[in-house]
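Here's the structure we're looking at; comments come further down.
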Amino acid sequence: MAAIKETTVERTVVIDAPAEVIWKALNKQGLDHLQLLASHDDTQLREGGTLEWFDREDPTGTVPRVKGRISVIAPPRHIVFMAFMPSSKLRDIPQNYTAVDITLCMEEDGRTSVTVIHGDFAKHPHGVRLAREAGDHWVETLIRLKNLVEREIAA
């Protein structure tokens, strides 16, 4: 496997739950909990579906933090979507979207590893900085997803 460039983010967390439970949480929340953003749309995840998330702290809810379109969905193991972050101040054109690839893989002990690969930011101005910020966000996001799912399992 080739080394991931510093303009591509890869983060993994292992969650003490089966992939189907994690997938159900993702689908039920429309990726809301994964991204930690409030969605104004209650639609289920589907190929070709659009995504638009707003910051919970944004009282106006007028500018989405992330928007995009789902390109691949294979329950309960894989989702790929193209994402655009309006906060990047880049133009909303296809070249400024990045791929987010989320894979759920069952471990031998019944836990599930969730891996996110996000990028490539190389063509973006300040691509390394954007990738670093996305990587930090994914660490927080995956930890919160782990806590959410494991709390639900324990309840």
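Read-outs throughout are calculated quantities, based only on the coordinates presented, and are distinct from any laboratory measurement. All of these numbers come straight from a predicted model, not from anything done at the bench. As a convention, Cβ positions derive from the backbone with ideal geometry for all residues, glycine included, and neighbour counts pool all protein chains shown.
3J(HN,Hα) along region 93-102: 10, x, 5, 9, 8, 10, 7, 10, 10, 10 Hz, from the Karplus curve 6.51 cos²θ - 1.76 cosθ + 1.60 with θ = phi - 60°, whole Hz, x for Gly and Pro.
Residue by residue, region 105-115 carries 3J(HN,Hα) couplings of 10, 5, 8, 4, 8, x, 7, 10, 8, 10, 10 Hz when phi is fed to the Karplus relation 6.51 cos²θ - 1.76 cosθ + 1.60 (θ = phi - 60°); x denotes Gly or Pro. By the Kirkwood approach, averaging reciprocal distances over each pair of separate Cα atoms, region 60-155 gets a hydrodynamic radius of 15.0 Å. When you filter the GluC sites (Glu not before Pro) in region 87-155 for DSSP loop state and at most 14 other Cβ atoms inside 10 Å of their Cβ, you are left with GLU107, GLU108. Each Lys or Arg adds one and each Asp or Glu takes one away; over the other residues whose Cβ falls under 9 Å from the Cβ of ALA131, this sums to 0.
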